[in-house]
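Please read the structure below before turning to the comments.
The values are calculated or read from the model by the stated rules, or taken from the named source; none is laboratory data. Predicted model only: the values in this text are computed from it and were never measured. For neighbour counting, all protein chains shown are included, and Cβ atoms are generated from backbone atoms with ideal geometry for every residue, glycine included. To get the accessible areas, we keep the full protein, side chains included, count just its heavy atoms, and leave off ligands, DNA and RNA. Shrake-Rupley method; radii C 1.70, N 1.55, O 1.52, S 1.80 Å.
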Amino acid sequence: MPILAIDQGTTGTTCLVIDHQGRVRGRGYREFTQHFPRPGWVEHDAEEIWRVTREVAHEAAAAAATPLEGLAAIGITNQRETIVLWDRETGRPVRRALVWQDGRTADLCRRMKAEGHEPEIRARTGLVIDPYFSATKLAWLLDSDPELRRRGEAGELAAGTIDSWLAWKLSGGALHVTDHTNASRTLLYNLDTGSWDPELLARFRVPAAVLPEIRASSEVYGTTGEGFGAEIPIAGIAGDQQAALFGQGCWSAGLAKNTYGTGAFLLMHTGERRVASGHGMLTTAACGPRGERAFALEGAIFIAGAAVQWLRDAFGVIQSAAETEALARSLESNDGVYFVPAFTGLGAPHWEPRARGTIFGLTRGTGTAHLARAALEAMAYSSHDVVVAMEADSGVPMRELRVDGGATANSWLMQFQADVLQRPVRCPAMVETTAFGAAGLAGLAVGFWDSPEAFLGARGEEHLYHPGMTPATRDELLSGWRRALGAVTAWATEEA
């Protein structure tokens, strides 16, 4: 009886059926629609997400030749800060979901910072005031219609991140739950108490009546309802980055991973110790070896693989992301071309929501290869900046970086990342560690794996990239990147 892992991402949903040996027995994937009603606004149709998720879950089970009733459990991992508001009676969303990339509350966040609220909020949540997180988006949804606010305060509406939405739909409306990792990304969760913070709810004007119950990341929450096709335990929930951290075996202080997806997210586990950042990092909930609550430092890079998608979809200069490796290899250097893909602002460690994407160093000789290489290089430079900040916060040097996500298939990028960091980069055979982590959390809850070590033993072989670039070349490249960042930040500041 294998595990079904639901990996609900920003641009699509992947479902994997995973056996005891960590092998993928069946897979389903489908993209869904991205809605951009205004500049800086990003929305999803939550009903479409549910429909796609249900369909690809059935496809994955069929591909594994496993009947739904033959699944041991379901684990859910999800895009984290995206918020859904729905009607408790009908189970239908009242508006489109606001995506983590959505920047419509930037002005509100700036006002709150100017009023001096950030130190207190950061002390409680470990986060900064930014449109990235769920609280201001949820307040915006409630304020978009006086009737919605009235109904929310009356308990007629339910809200939650995508994990809560999927648990509700999977269970036929029986479950309104989230886990600590997702709750810690809302600006409404107190890291010390592990619960919703009444003062933060009042500050952001979010009624407690709309929020889900916070549960552990690995436990049986309930079962799927009749609408799914079989009664299966729902037994694991974690935000995508914490699920990847768990799937990489980063369960103790000092271990770190980077996930390259739509964005790039680098997390360093700090064990049971909550580390306050003075260098632009976030402090967030993470999972211990059995899914118990622990802590991590996180650096969120808003745009990573999405920059490559932009080259493909907006300009058509490439047909697929896979082409970028050969294009990057075709150049001996970047020829001074730098791409800062701040389409939705700059995340850690800079936190400038007004920044916008910019390409520097263009000449008549600039071609597709330069743009592709610059998009890849930007992922590595941004990750370098986060590692430097994390080491300053924790006082612990990072010996290696464990990596996962689709971009790890690009060996040029992985080698360049090792070169820029000047330390090894470790890539597992199972690069979809986000889904693997969700499977592990669910599997441990139902006894599918009898120990965390047994789960980790199913990961398979790994590949190690060792740094080979000269320090002088590295320093020159990083100097150019810092100049580009400085120009983007100056533009954003002058605009204000």
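Here is a yes/no grid of residues against (1) among the hydroxyl-bearing types (Ser, Thr, Tyr); (2) open to solvent by 10 Å² or more (accessible area, probe 1.4 Å):
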{"position": "VAL177", "(1), (2)": "no, no"}
{"position": "THR193", "(1), (2)": "yes, yes"}
{"position": "LEU211", "(1), (2)": "no, yes"}
{"position": "GLU226", "(1), (2)": "no, yes"}
{"position": "GLU231", "(1), (2)": "no, yes"}
(request) Tell me which residues, restricted to segment 451-488, are in contact with a Lys or Arg (Cβ under 9 Å, 6 or more places away or on another chain), hydrophobic (A, V, I, L, M, F, W, C) and either in a strand (DSSP E or B) or at pLDDT below 95 (or both). (result) ALA458, LEU464
(message) All but one of (1) open to solvent by less than 20 Å² (accessible area, probe 1.4 Å); (2) more than 30 Å from ASN258 (Cα to Cα) hold for GLN241; state the number of the condition that does not hold.
(response) (2)
(message) If GLY395 satisfies all but one of (1) in contact with a strand residue (DSSP E or B) (Cβ under 9 Å, 6 or more places away or on another chain); (2) at pLDDT below 90; (3) not charged (D, E, K, R), what's the number of the condition it fails?
(response) (1)
(request) Go through (1) in a loop (DSSP other than H, G, I, E, B); (2) open to solvent by less than 10 Å² (accessible area, probe 1.4 Å); (3) under 25 Å from GLY12 (Cα atoms); (4) of a type outside the set (Lys, Arg) and name the single condition ALA159 misses. (result) (1)
(request) For segment 408-434, name all the residues that are modelled with pLDDT of 95 or more, assigned to a helix (DSSP H, G or I) and either under 19 Å from LEU16 (Cα atoms) or of a type outside the set (D, E, K, R) (or both). (result) SER411, TRP412, LEU413, MET414, GLN415, PHE416, GLN417, ALA418, VAL420, LEU421
(message) Testing GLU69 on (1) touching a Pro at 6+ places or on another chain (Cβ under 9 Å); (2) more than 21 Å from LEU211 (Cβ to Cβ); (3) surrounded by fewer than 20 Cβ atoms within 10 Å (Cβ to Cβ); (4) not small (Gly, Ala, Ser), one condition comes back false. Which one is that?
(response) (1)
(request) From the list ALA106, ALA72, pick out the single residue that is of a type in the set (Gly, Ala, Ser) and at pLDDT 95 or above. (result) ALA72
(request) Can you confirm whether segment 185-201 contains a residue that is assigned to a helix (DSSP H, G or I) and either polar (S, T, N, Q) or at pLDDT below 95 (or both)? (result) no
(message) Would you confirm whether or not segment 391-402 contains a residue that is within 23 Å of the chain's Cα centre (by Cα) and without any contact (Cβ under 8 Å) to a residue 24 or more places away in the chain?
(response) yes
(request) Would you point out which residue out of GLU377, GLU325 is in a helix (DSSP H, G or I) and either more than 19 Å from LEU477 (Cα to Cα) or open to solvent by 20 Å² or more (accessible area, probe 1.4 Å) (or both)? (result) GLU325
(message) Quick check on my filter: what residues within segment 95-116 are touching a helix residue (DSSP H, G or I) at 6+ places or on another chain (Cβ under 7 Å), within 12 Å of ARG354 (Cα to Cα) and open to solvent by 20 Å² or more (accessible area, probe 1.4 Å)?
(response) ARG104
(request) Find the residue count for segment 269-292, including only residues that are touching a Gly at 6+ places or on another chain (Cβ under 7 Å) and of a type in the set (A, V, I, L, M, F, W, C). (result) 2
